[in-house]
Amino acid sequence: MRSGQAFKRELPRETPCAGSRTGIPAKHPRMYAQHLVSAFGAAGCILKNYRKRIQRGVACSVPYVKRLMMKAENQAYKLDRRSGIIDLPIRAGCHVELRLIVSQYHRKYLDDTALSLGSLTILPHRVIVAFRKDAPKLHAPESVLSLDTNERSLDGLFVESDVASAVRAEFPEVAIIQQRHHDRRRRLQKKKAHDRRISRNLCRREGAREHHRIEYRLHEVANAVISLAEDQRSAVVLEDLRGIRSKRNKVLNRRLSMWPRRKLHQIIEYKAQWKGVPVIKVDPRNSSRTCPICGRIQDSRMGAEFKCECGWHLDRHINASINLLQTAISNGRDGGGFTVQPRRVPA
Ligand SMILES: [Zn+2]
């Protein structure tokens, strides 16, 4: 409904399809009006992305929706949360009943009365029901979990009053899976070069498989981070990754763009919001090259260990997380609302 209204506002007054009884509603007089609004909303989103791409100067063709899909806002359908039956009105006197296969996992959400129903999306092979929850109040941090995101792990520091310990969440498989699927796609393309249709289909299947395998692992890592932060009532400090890619060589760029750190951060952030864990994003510039003791910035970021002329040495990733934490604290002093003040970091 909301997106529908936003779309309507952009249209000039006399446009016939903007909700009046001419244009599309006149062509489909018995169609449930809410569905038309949702359809406009979905189309509006696609157009918005198209416009953005044009503004950025990215080559793209006029969007064309091939995949069958339907979206209904929560006023436009009914879900019996006990039986898992969706009642979807199509037009006057015509309802469709969808029987969901409800597992224990689904039960958890269906039975939770704190969750209200959001939109319903119907795709050829699945039905997606969104749940809404009022974001819980963020807990006041009693400790900090500062994390530096690397290719194979999240490394960081957990600081509680005056004790700091190094933490690491490893996901070595992500990079391996990506490399393997990349190689496999390449092989497929070469092997099926005579038939583009088959090659495209096989590659798409490979891509979906890769996506699922990686997503699963990222969720596991994010769950581990959030459950620690929730138990210890920590604030999580992460790098702000906006605009981090620069002009480097092609292979490294591919690796960086493939590596789903932003995806991992997104997952951590929404899970944190869901659980009421505060997340602080800080500028990661020079975090891997700076000495947290004397403040010298080194030229190189090579090697597993960070060594400074002043005598400080530490695992490079942990060192970066100390710098992130210090940035977060100094931002807090400038009014960023960060209250935990750890007194000491490990030597
Ligand atoms: Zn130093």
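Computed from the coordinates by the stated procedures, all read-outs in this text should not be read as laboratory data. Here the structure is a predicted model, which is why all the values come from computation and not from measurement. Reconstructed Cβ throughout: ideal geometry from the backbone, glycine too, with neighbour counts over all protein chains shown.
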Can you tally the net charge around CYS94? Count Lys and Arg as +1, Asp and Glu as -1, for every other residue whose Cβ sits under 13 Å from the Cβ of CYS94. 0
Summing +1 for each Lys or Arg and -1 for each Asp or Glu, what net charge is found among the other residues whose Cβ lies under 15 Å from the Cβ of THR121? +3
Among residues other than HIS106 whose Cβ falls under 15 Å from its Cβ, what is the net charge (Lys/Arg +1, Asp/Glu -1)? +3
May I ask you to compute the full-extension gain from GLU215 to ARG184, defined as 0.36 nm times their residue separation minus their alpha-carbon distance, rounded to one decimal in nm? 9.3 nm
